[in-house]
Structure formats: C-alpha cells, structure tokens
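J.: Submitted below is the structure of interest, expressed as structure tokens.
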Number of protein chains: 2
Amino acid sequence: MTETRRIVLASRPKGDPTLDNFRLETAPLPEPDSGEVVVRTIWLSLDPYMRGRMDAAKSYADPVEVGDTMEAAGVGEVIASNVDRYQAGDIVVGRTGWASHAAVDARQCRKVDPELAPVSTALGVLGMPGHTAWVGLNDILAGQPGETVVVSAATGAVGSVVGQLAVRKGMKTVGVAGGAAKCAYAVEKLGFEACVDHRDPELAQKLKSLTPEGVDCYYENVGGTTLEAVLPRMNDHGRIAVCGMIAWYSGKGIEDAMPLPKMWRTILVRKLRVQGFIVFEHMDRLDPFLREVGPLVKSGEFHYRETVTDGLENAPQAFLNLLEGGNFGKQLVRVGEGP
Amino acid sequence: MTETRRIVLASRPKGDPTLDNFRLETAPLPEPDSGEVVVRTIWLSLDPYMRGRMDAAKSYADPVEVGDTMEAAGVGEVIASNVDRYQAGDIVVGRTGWASHAAVDARQCRKVDPELAPVSTALGVLGMPGHTAWVGLNDILAGQPGETVVVSAATGAVGSVVGQLAVRKGMKTVGVAGGAAKCAYAVEKLGFEACVDHRDPELAQKLKSLTPEGVDCYYENVGGTTLEAVLPRMNDHGRIAVCGMIAWYSGKGIEDAMPLPKMWRTILVRKLRVQGFIVFEHMDRLDPFLREVGPLVKSGEFHYRETVTDGLENAPQAFLNLLEGGNFGKQLVRVGEGP
C-alpha cells in the first residue's frame, strides 16, 4: 500500500448536491508530521452538517475548498505515529476526511475501546451524534421528568439517542420521522410514546392530539414543516435546541417557509428560549456522556441502527441519500477491514 | 365626584387601530371590594404591548373583551381602601386601566415615594419599563463589560434605560431610533456611542461600520428591518432578548419580512440564544432594580424623557401616535391633579 484514495469537492453545489460535485483521487500515502498519526480508515461517518461545508459561506467552520478532501470523522487503525500515546495497531476516532488513509492531528483523536461495543459506534451512538444528543437534551433543553419533548429526525443518529435518553428521564417523548418503517421503529425499539410521519398532510393536527399538554422541549434537527407544526404547541417557557435544519440545507422550501414574525411572536408571547449549539464547544461533557451511555450500549439496553455503504467510492451517493432521508439510523461507509 | 370616566374597547382593530376602536363611557364611582383600594388616577401609562390586548388572540394575558375598559397601569391617589396597608391619600401605582377612577386589587399595587422622583416615573424609568430594561439587560442578555449591545427603540421608555445601564456597565452601546432628533438625544443625553435612524436606507451598512467587532447582545423591541440589519452582525454565542416587536404588531410588513430559514441558520451557525421574556415573571428583581436605578434618577445622573398628553379623552389618539413612534420617551396621559 503506497497510496491513499480520497474524495474531494470537485465543485460547489447549486441547491441539491449531485455526484458531479465529488471526485475520487489518489495520492501518495501520507507521512506523519510532528504531533500527527497516520490512520488507515475503517469506518467513515456521513452527517448532514457536511452539506454546509460544501458551500462557500462559512458555517461553523471554514468551508471545504474546491479540490480539497471532504471533511469527516472516521474510525481507523493507526499505521504510523509521531506521538507517544498512540502506537501502530491502536483503533482511534479522528478527523480522517473522506479518505482511505489520512495524517491526523493526534490532539483531535481519541482511542476507541473495541471491548465496549463495535468500533463503528464511536461515530454514532457513542460518538459525535450521541454526544450531541446528550448535550442538547441535558444542557441546552434542560429537559425535566414529566415534560413533553418532540424530537425531529427521531430515528437518526442524533434523534434516536435524544429519544431514548428522554424516555429514561421520564419525559413524554414524541418523535417525527420520515415514513412508516421509521415511525414504527421509533415506537417499538426506541420507546417513543408516538411518532408521526413528517410527510403526513395532517402532521400538525396529529402532533396536536399527541401533545394535549403542549410541548416543553423541541429538539430541532430539520426545520421546514416539522418546525411549523411544533411551534404552535410550544408551552410557556418552552425551549428549542437548534441542532440542524436539514430541510433547508440546500435552499429548498425557503420561499414556502412561514414568515419570521410568526416565530418571533411565539418567542415573545410564550417566552421561549431558542438556542443554537455545536457539540465541539462542549467537549467537557464527552466523559459524562460516555460514562452514562457507554454501559447502556454495552448491555444492549440502548438501541442503535446503522446504514452501511461499502466502499469509499460509494460515499458520494450515500451522502446524497442521507440528505433525502434515505438512511435509517447512522449512515456509515465501510472503507477498510477492521474490528 | 360620583362617577368615573373610562375608555373601553369599542371594536377590535383590523391592522392599524383607529379612534373608532375606542369609546369613552361614564360609570358610577366604584366601591372597594374586599382586598381592594379605589384609586383616583393621576397618570396613565401607554405602552406598545396594549396593541396585543386589542386582538382576540391570547398574547401574554387574555385579550381585553369588546366593551371592557382598556388595560393599563396608572399612578393615582387612594381615595378608599379595604386593606390596612393603604390609606386615603397614599400615592400608588397599579392596574387602573384607562379610567379616571378604578377599584384595584391591593396586591397588585405598590406605594410610590414622591420624595424619590416625580411620581410619573413609577410608570417609566422607575416602573415597569425600567424594570423590563434592567431584567432584559442583566438577566436575559447577561451583558458583559466590553461587549457590544444594540438597542432598538433606543429613546423609548425601555430602550433609554437599557442604553444608560449598558453604558454604565462598560458595554459598547449602539442605538437604533426613529429620526434625527431621537438619535441625537440618544448620543448626547443617554450616552450611546452612536445611534442610527431605522428609516435610513443604509441602516444595515451603517450598523455594520458601527459594530466592527460584531454584536454580542441585541435588545429587541421592534422586529422589522432593524432586526434584519442586526442579525448578520451577531457574533458567536450572541444573545437576543425579545421584548417587543412593534413593527409587526398590526400585521404590517409581515409579507416583506425575511424568511424564517435565514434566522434559523444564524441561530444554528452562530450558536445564538434567543429568548422571550415578560417582566411580570421577574418580580423578585424589582427591588434590586429600584435600589440601583432609584438613586441614579434622584441624583439626576440618569436621564428620562416623557411625552405628556392631557386628558383621558385624548388617550386613544396618544396611543395611535405611540404605535407610529410619535412619542419621544415615555408616553403618559395626565388624567387628574396630583404631586
């Protein structure tokens, strides 16, 4: 093995991304620079936030430049190391990008314990999505037992963790997801009290009848019609954790969105708190999250689901599917062999 | 004196209110019921929130019913009392409504000290608007020295207090107000570093050049184009205290408002906290507010300005002017004689 394969941003999308926006390239195998490790990628994580990095505008972080490797977290095996605390053979999670091998800043890596759970979970239920869910529910929404929470993208990598944590907290937990199969899974496996299809023309009405005492917390992953249906249900002092807005990422549906003053009036009159957050600013909460959720995953009490696409070359299509809600649970790409 | 005069809601407005929506009536002088005092109104407060009470929809509180007296706080003299702690002759502030005399629940009254400042200030700088400003800046925005705050309706009853408090805190304080005279007053008397006219077609550009380090806190009284100009300036972890939205109260400008997804994206990417509040839920903060601001008003260090309309019968026109920004500082109606 003397070269790495990687997927670069070939061009910026106009609206929905297409396969043309990506290009597969090869390059020489990287050497570890000072403070770096070289990782052979086993699993690659695909997440909705990556859509934002494809645009020229700054979102949380700088955009991916045209010609650069697409950003991602991956799980892989250390094959070369320039730092003492990582040895060849260690399994780590880090910012590999969409690549078969990558030189990664060791400070942004974390060892993965293969005894705890399959190592792919370090990208999902025990990784950034799970951590995001835990921070959002506990720190941003400050959900309390007996309160009602609505979770959008309820079977997604984040939403499925929010839902299970909320149920365990004793919250009345209602999901919104895409299609009957996902809704059934939310109720039967994840423990949601109910789950409504976001494409249901009676979404708003159904949500109303499912939340007779109103909604105290809304975990927002999607925007769009789901947000519009939840908003009128918000109780006084309700909280909205703004974690994502996948319905609007590609500029679709913006003309049809409800006018801002309606949102503003509800914030004012119901005294809502609406808060955006990004998990990278809550790294001090990673350990408490792992201490709580790790054992629940190991014991099998906590459910998670993965959609696996084989081969780095298929990552672009898998990503397009993800943006359309075609995945079911955490979307992964299997890039290489491993535990 | 055997009767009271009062202004009732004659009909609900469609869009902007008109004089036809109000009616002057007379009624027998009320007797104090158990736990009540009867107050002869001296000063009546007019505030933008009253527009919301004229609609059938619930806002913070139930709407005023057609035929009922318009809601308001007033300062007046106790002329009859059924509770021990108030005597005839006491000056109090309470929920008199738009009326020359009113029976008021004593638990909702507070004695006013005529030695501290003119008693009309109990409706403005030392009353609900000042208290609102203090809670909004200290508790909701949590403004810190060195941060930049933008205050809309900067010379209004609330905004003028926010501005002076922010300047004293060592914040960079920028105002938005209607017209050159108000802007000049904001800078020269209230100490704002700068103030921009919200009707200026270059509002967004000017606000940008006045906030080179971005905006950490936005005290929101108005909505509309001011909100649209401030939003792109918000820094990471910025806070928006949603206190009012006078530009949208009568349903105007809603079609032209920016689409919700733009706001949502900024909340997400900049990790904003947007919070609505109502001062009545922060009564535990009334004393700390009065302890800080009372002495500053008494010593003359703190500025306030009043627009006085004479005669209860002129309250409807004064209220219409207020909604158009025709007042300058706190809008009062002088209803009777007093200190």
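What follows draws every value from the coordinates through simple rules; no lab data is involved. Since the structure is predicted, the reported quantities are computational estimates derived from the model, not experimental observations. Cβ coordinates were reconstructed from backbone atoms using ideal geometry, including for glycine residues, and neighbour counts include every protein chain displayed.
J.: Please go through the stretch A:1-99 and write out the trypsin sites (Lys or Arg not before Pro) that DSSP classes as loop and that have at most 14 other C-beta atoms within 10 Å.
T.: A:14, A:58, A:85, A:95
J.: Where does the Debye-calculated log10 I(q)/I(0) of the protein assembly as shown sit at q = 0.08, 0.12 Å⁻¹, using only Cα point scatterers of equal weight, no solvent?
T.: Calculated log10 I(q)/I(0) at the listed q: -0.69, -1.22.
J.: For the stretch A:234-339, taking Cα atoms only, what is the radius of gyration to one decimal and the Dmax to the nearest whole Å?
T.: 18.9, 55
J.: By the scheme Lys and Arg +1, Asp and Glu -1, what is the net charge of all other residues having a beta-carbon under 15 Å from that of residue B:306?
T.: Counting the neighbours of residue B:306, the net charge comes to +3.
J.: To the nearest whole number, what is the average tally of beta carbon atoms from other chains within 10 Å of the beta carbons of peptide B:253-260?
T.: 6
J.: Extent of the stretch A:128-279 along each principal axis, from alpha carbon coordinates, in Å, largest to smallest?
T.: 37, 32, 30
J.: Got the relative contact order for chain A handy, in percent, Cα pairs under 8 Å and 6 or more residues apart?
T.: Taking the mean separation of contacting Cα pairs over the length of chain A, I get 17 percent.
J.: Please give the average number of partner chain Cβ atoms lying within 10 Å of the Cβ of each residue in A:275-282, rounded to a whole number.
T.: The mean count of partner-chain Cβ atoms within 10 Å per residue comes to 5.
J.: Okay, next question. Ordered by residue, what ³J(HN,Hα) values in Hz, to whole numbers, does the stretch A:5-21 give under the Karplus form 6.51 cos²θ - 1.76 cosθ + 1.60, where θ = phi - 60° and Gly and Pro are x?
T.: Ordered by residue, 3J(HN,Hα) equals 9, 8, 10, 10, 6, 7, 7, 7, x, 10, x, 5, x, 10, 4, 4, 6 Hz.
J.: Hey, got the average number of other protein chain Cβ atoms within 10 angstrom for residues in B:232-243?
T.: Numbers: counts 0, 0, 0, 0, 4, 4, 1, 1, 3, 0, 10, 1.
Per residue, the number of nearby Cβ atoms from other chains is 2 on average.
J.: For the stretch A:1-130, report the % of Cα-Cα distances exceeding 27 Å.
T.: Summing the P(r) tail past 27 Å for the stretch A:1-130 gives 20 percent.
J.: Further question: Measuring from the lowest to the highest alpha carbon on each principal axis, how far does chain B reach, largest first, in angstroms?
T.: 61, 44, 33
J.: For an R0 of 30 angstrom, estimate the FRET efficiency from the Cβ-Cβ distance between residue A:108 and residue A:324 and round to the nearest 0.05. Provide the component values of the computation, followed by the final result.
T.: Details: r = 30 Å, r/R0 = 1.00.
Using R0 = 30 Å, I get an efficiency of 0.50.
J.: Taking the Cβ of each residue in B:25, A:31 as the centre, tally the other Cβ atoms inside 10 Å and list the residues starting with the fewest. Please list the in-between numbers first.
T.: Details: B:25 14, A:31 10.
So the ranking, lowest neighbour count to highest, is A:31, B:25.
J.: Label position 7 Å from Cα toward Cβ: report the copy-to-copy distances for residue B:12 in nm, one decimal, ordered from shortest.
T.: List, nearest first: 4.7 nm.
J.: Based on the Cβ-Cβ distance of residue B:25 and residue B:57, what FRET efficiency does E = 1/(1 + (r/R0)^6) give at R0 = 41 Å, to the nearest 0.05?
T.: Values: r = 25 Å, r/R0 = 0.61.
Once the sixth-power term is evaluated, E becomes 0.95.
J.: Right, here's the next one. Report for the protein assembly as shown the percent antiparallel among DSSP-assigned beta bridges with both residues inside it, nearest 5.
T.: So the antiparallel bridges in the protein assembly as shown amount to around 55 percent.
J.: To continue, here is another question. Tell me the distances, shortest first, between residue A:291 and the same position across the other copies, using label points 7 Å along Cα→Cβ, in nm to one decimal.
T.: 3.7
J.: What distance in nm lies between label points placed 7 Å from Cα along the C-beta direction at residue A:317 and residue B:296?
T.: Result for the modelled spin labels: 6.6 nm.
J.: Right, here's the next one. Once every DSSP H run of n ≥ 4 in chain B is given -39500 (n - 2.57) and the sum is divided by its residues, what mean residue ellipticity at 222 nm do you get, rounded to the nearest 500 deg cm²/dmol?
T.: When only DSSP H runs of four or more count, the value is -6500 deg cm²/dmol.
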